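Written below as structure tokens is the structure these notes are about.
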Amino acid sequence: MPTDPVAAPRKPSVWRAFTQPSAWTMAFLGFSSGLPFLLVAGTLAYWLKENGIVLKEITMIASAGMTYAFKFVWAPLLDHWQLPLFRRLGLRRGWLLFSQLCVTAGLVAMAALSPANLPLFVTATLFVAFFGATQDIAVDAYRIEIAPVEAQGALVATYALGYRVALIVAGAVALIMADHVAWPVVYLAMAATMAIPIVTTMMAREPD
């Protein structure tokens, strides 16, 4: 008795993987992750040096980036507690938007305080670092849940692309700007670029 031929499995489309909406969402979220990291762990040292702050204090303040190494400590909180004022966005997008707004507010506070008011400036820097790390946790969780396993490679690639673009903006672009305008203006401009991932989070869909 003749049997129907077994259809060959379709090969995954690389083009489809990189053009899916979630891939571009991850590119913008990657930008959102890379920007605060370099602003508190690298670029900040140049601003502090221009204000005559000694190397020892620069190293201590710039080490705020070490917050990212300990984000595993509060990562479980993002799985087990939903933010009351962000419930309509869902668990993942709620934490994403909250952390992005906090990063933006922290960058504005750094620009407003400046190193002249060092204790409060350091507090604002730690605030940005903490919520930048929190955002990383939320982005990783969102990426894992937004697409199946076979699509994760493309999502990681586009995330890395956005992250690298952010490093260029927060590094080279920020330093070029600092040659022409005051550092507080530079950090305000960096805070303004956070509008891109904030809009992305609000337009993205919550994972099923």
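Observations on the model:
- Residue check for F86: surrounded by fewer than 18 Cβ atoms within 10 Å (Cβ to Cβ), closer than 22 Å to I196 by Cβ and among the aromatic types (F, W, Y): yes
- Residue among V173, V181, V122 that is in a helix (DSSP H, G or I), over 19 Å from Q100 (Cβ atoms) and without any contact (Cβ under 8 Å) to a residue 24 or more places away in the chain: V173
- Residue within segment 117-132 that is under 15 Å from the mean Cα position of the chain (by Cα), farther than 22 Å from F70 by Cα and either among the small types (G, A, S) or surrounded by 15 or more Cβ atoms within 10 Å (Cβ to Cβ) (or both) present: no
- Segment 139-151: number of residues that are part of a helix (DSSP H, G or I) and open to solvent by 50 Å² or more (accessible area, probe 1.4 Å): 5
- Among the residues listed as A154, A192, the single one being surrounded by fewer than 20 Cβ atoms within 10 Å (Cβ to Cβ) and either part of a loop (DSSP other than H, G, I, E, B) or of a type in the set (G, A, S) (or both): A192
- Contact map, segment 126-152: residues that are farther than 16 Å from S33 by Cα paired with residues that are acidic (D, E) and surrounded by fewer than 21 Cβ atoms within 10 Å (Cβ to Cβ), Cβ distance under 8 Å, separation 6+ or inter-chain. Pairs shown: E145/D208.
- Condition broken by F131, with the remaining ones in (1) in a helix (DSSP H, G or I); (2) modelled with pLDDT under 85; (3) of a type outside the set (S, T, Y) satisfied: (2)
- One residue from W95, W81 being more than 16 Å from F37 (Cα to Cα) and either touching a strand residue (DSSP E or B) at 6+ places or on another chain (Cβ under 9 Å) or crowded, with 24+ Cβ neighbours inside 10 Å (or both): W95
- Qualifying residue in segment 94-104 (condition: in a helix (DSSP H, G or I), modelled with pLDDT under 85 and not polar (S, T, N, Q)): no
The values are calculated or read from the model by the stated rules, or taken from the named source; none is laboratory data. Being a predicted model, the structure only gives us computed values, none of them experimental. Reconstructed Cβ throughout: ideal geometry from the backbone, glycine too, with neighbour counts over all protein chains shown. For the accessible areas, the whole protein counts, side chains as well, though only heavy atoms, and no ligand, DNA or RNA atoms are used. Shrake-Rupley method; radii C 1.70, N 1.55, O 1.52, S 1.80 Å.
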